[in-house]
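The values are calculated or read from the model by the stated rules, or taken from the named source; none is laboratory data. Since we're looking at a predicted model, the values are computed, not measured. Note: ideal-geometry Cβ built from the backbone for every residue, glycine included; neighbour counts use all protein chains shown. For the accessible areas, the whole protein counts, side chains as well, though only heavy atoms, and no ligand, DNA or RNA atoms are used. Shrake-Rupley method; radii C 1.70, N 1.55, O 1.52, S 1.80 Å.
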Amino acid sequence: MVADLVQFLGHVSHVTTEPLIEFSDIEIWNHSASNSLTIITKDSDFLHYSTLRGCPPKVIRLKCGNKTTDFICDLLKNNALAINAFVTVIMIAIWRYYRLYLCKDMTMAL
């Protein structure tokens with residue numbers, strides 16, 4: 001799945017390749033924030049962290065229920081333009097002068 005998405009989303013990694021599989025949600029959050037990564041997840045906990053802590057990292061929450069890996073991969077590919085725009089535009093704005101204002105809600109739902 002990860003290799004499939006690289007051509008659409010650029011740098012993509014999975015918790016198993018970082019390796020973060022044994023990390024808690026908050027450790028994944030902190031790792032993502034420290035490395036300017038965007039979290040793509042079905043887990044609502046990361047949405048709550050975003051509300052409480054702001055960004056980075058940015059969070060894309062998948063609200064598609066229990067689907068196959070192929071379905072998720074296709075969903076991400078089909079929304080690659082929106083995802084890349086969300087990640088890029090926000091990063092440009094953060095490094096300019098809107099940091100505090102734009103960081104209040106850095107979430108996107110698919």
Of the conditions (1) touching a residue at least 12 places away in the same chain (Cβ under 8 Å); (2) more than 20 Å from Thr88 (Cα to Cα); (3) β-branched (Val, Ile, Thr), the single one that Thr38 does not satisfy is (2)
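Filter the range 10-28 for residues that are under 22 Å from Asn84 (Cβ atoms) and in contact with a helix residue (DSSP H, G or I) (Cβ under 6 Å, 6 or more places away or on another chain) and give the result. Break it down into steps so the answer makes sense when it comes.
Here is the first cut: in the range 10-28, the ones under 22 Å from Asn84 (Cβ atoms) are 10-15, 17-18, 28.
Answer for the range 10-28, where residues must be under 22 Å from Asn84 (Cβ atoms) and in contact with a helix residue (DSSP H, G or I) (Cβ under 6 Å, 6 or more places away or on another chain): Val12, His14.
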Here the qualifying pairs (Cβ atoms under 6 Å; residues six or more apart or on different chains; first in the range 1-23 and under 22 Å from Asn79 (Cβ atoms); second part of a helix (DSSP H, G or I) and of a type in the set (Val, Ile, Thr)) come out as Met1/Thr69; Val12/Val2; Val12/Val6; His14/Val2
Those residues of the range 48-63 that are surrounded by 22 or more Cβ atoms within 10 Å (Cβ to Cβ) and of a type in the set (Gly, Ala, Ser) come to a total of 1
In the range 56-82, anything modelled with pLDDT under 85 and part of a helix (DSSP H, G or I) is listed as Thr69
Does the range 16-25 contain at least one residue that is open to solvent by less than 50 Å² (accessible area, probe 1.4 Å) and within 12 Å of the chain's Cα centre (by Cα)? no
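Considering only residues that are loosely packed, with under 15 Cβ neighbours inside 10 Å and not aliphatic (A, V, I, L, M), which ones fall in the range 26-44?
Our first condition is that a residue be loosely packed, with under 15 Cβ neighbours inside 10 Å; within the range 26-44, this holds for 26-27, 34-36, 42-44.
Across the range 26-44, the qualifying residues are Glu27, Ser34, Asn35, Ser36, Lys42, Asp43, Ser44.
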